[in-house]
1. My understanding is that a pair violates if its Cα-Cα distance is over 26 Å; which of K52/K135; K27/K52; K52/K134 do that in this structure?
2. Give the peptides 61-73, 111-123 in descending order of average Cβ contacts within 10 Å, highest first.
3. Checking the a/c ratio against 1.5 first, then a/b against b/c, what shape does the Cα gyration tensor give for region 23-104?
Amino acid sequence: MMRALVLIFVLSILGACSKKVEHPELKYTIEEFDALSHETSLNHEKGEGELKFSDYSPGVNRLESKALVYKRLSFFAVEFETLEEAKKEAYRLNQYYSRNWLFDHVQGEPILEDYVIETFKAINPKREIQRVPKKHEATHGKAAHGEAPAHH
């Protein structure tokens with residue numbers, strides 16, 4: 001009986017003192033993001049290439065979000081405060097996300113889809129079966145370096 005009371009007391013103290021737990025592995029720091037996105041450049045075009053924050057739900061980091069270009073194709077990298085916000089927005093827009101970043105204007109553009117999937121391990125939360133980048137499709141199921149293929 002005494003153990004039960006002590007356990008209840010300890011749990012109530014832990015519950016009362018709980019803070020919002022930060023999980024750094026669920027976020028890219030701006031340095032990590034910039035290192036991974038080194039193949040892109042900033043899109044300085046006005047108009048279609050311009051990032052409009054009003055298009056997104058609350059939680060956007062306006063300072064770090066950016067319009068990018070990869071192989072002459074424009075897309076947006078939008079940083080959110082949390083992974084949950086980025087995932088929710090990716091689902092709403094039918095786009096890709098990785099950790100706390102949303103990749104907008106990527107869906108339907110195979111080159112951009114391959115880029116965010118390979119570089120950031122991004123996924124589209126609306127897809128039950130995730131897209132496999134073209135490079136991997138070509139070698140998928142083939143044996144490497146002359147090895148015999150595995151039979152199932």
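1. Numbers: K52/K135 33 Å; K27/K52 22 Å; K52/K134 31 Å.
In this structure, K52/K135; K52/K134 lie more than 26 Å apart at Cα.
2. Details: 61-73: 14.6, 111-123: 18.6.
With the highest mean Cβ count within 10 Å placed first, the list reads 111-123, 61-73.
3. On the way: a/c = 1.78, a/b = 1.23, b/c = 1.45.
In terms of gyration-tensor shape, oblate.
Just so you know, all these numbers are worked out from the coordinates, no wet-lab data involved. Just so you know, these numbers come straight off a predicted model, no measurement behind them. In this analysis, Cβ positions are derived from the backbone assuming ideal geometry, glycine residues included, and neighbour counts consider all displayed protein chains.
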